[in-house]
Amino acid sequence: MRIASEIVEHAGDSPLIIVGIQRRGVQLAGRIVPIVEQALERKVGRGMLGITLYRDDIQAAGQRPVVHETRLPPEIDGATVVIVDDVLYTGRTVRAALDEIADFGRPRRILLAVLVDRGGRELPIAANVVGMTVATAPGDRVEVRVSEIDGSDGVDLLREDG
């Protein structure tokens, strides 16, 4: 609810498109869109990004990386686009998402909403909307569960030292 209401505060008058990054960002975006539409009393565009082919570390994914679907509305030019992801860490996933969106058009502006910001940035990328901030060490993992994929909702912090 809080993430959705902060997106409403940033929405402005231009068309709004909320785009989830595959995988769990899509489910989170799907939950956010109806709340934003109700608050704004207007339709909001939806989309999904499969950023695998835009990653700068695609060679590390092996010979057969999993490529997820990308689907964006055609009215991306001039719109405010909100990218939704589950965890913000190095910033490389977001950079790949920005590159992919640029191949589809020129939004008026792009905002980033994440459920968890765990710090540890390698690129100068910051979220406009953050659900929670978690202090982590480099070897730690943050795992987000969504019921649509995992059967339950939750956020787990897995410490490197067990």
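Where a number appears in this text, it was derived from the coordinates with a stated rule and is not lab data. On a predicted model such as this, the values are computed, not experimentally measured, just so you know. Quick reminder, even Gly has a Cβ in these numbers, built from the backbone with ideal geometry, and neighbours come from all protein chains shown.
Here is how the numbers come out for the structure above:
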{"quantity": "Whole-Hz couplings from phi, Karplus 6.51/-1.76/1.60, listed for the range 131-140; x for Gly and Pro", "calculated": "x, 8, 10, 10, 7, 10, 8, x, x, 6"}
{"quantity": "Note, ³J(HN,Hα) from phi for the range 23-31, Karplus 6.51, -1.76, 1.60, rounded to Hz, x at Gly and Pro", "calculated": "9, 5, x, 5, 5, 5, 4, x, 7"}
{"quantity": "Simple Cβ-charge dipole of the chain, Lys/Arg +1 and Asp/Glu -1, about Cα centre, in debye nearest 20", "calculated": "200"}
{"quantity": "Longest DSSP-loop-exposure-free segment, trypsin sites (Lys or Arg not before Pro), the chain, at most 12 other Cβ within 10 Å", "calculated": "44-158"}
{"quantity": "Cα lying deepest toward the dipole's positive end in the range 2-158, options GLY12, ILE51, GLY105, charges on Cβ", "calculated": "GLY105"}
{"quantity": "ARG46 long-range amide H proximity, modeled H, under 5 Å", "calculated": "ILE18"}
{"quantity": "Stokes-Einstein D in µm²/s, Kirkwood radius over Cα pairs - the range 66-162 at 20 °C with 1.002 mPa s viscosity", "calculated": "144"}
{"quantity": "Residue exposure sequence - LEU157, LEU115, LEU98 - by fewest surrounding Cβ within 10 Å", "calculated": "LEU157, LEU98, LEU115"}
{"quantity": "Approximate shape of the range 79-119 as ellipsoid semi-axes (Cα gyration tensor, √5λ), whole Å, largest first", "calculated": "20, 11, 6"}
{"quantity": "Along the chain, longest interval not containing exposed GluC sites (Glu not before Pro), exposed being DSSP loop plus at most 14 other Cβ atoms within 10 Å", "calculated": "70-121"}
{"quantity": "DSSP bridge pairs, the range 2-158: antiparallel proportion in percent, nearest 5", "calculated": "20"}
{"quantity": "Kirkwood Rh in Å, taken over all unlike Cα pairs in the chain", "calculated": "16.2"}
{"quantity": "FRET efficiency, ASP161 to ASP99 (Cβ-Cβ, R0 30 Å, nearest 0.05)", "calculated": "0.25"}
{"quantity": "Net length gained if the chain between SER152 and SER5 were fully extended (0.36 nm per residue, minus Cα distance)", "calculated": "50.6 nm"}
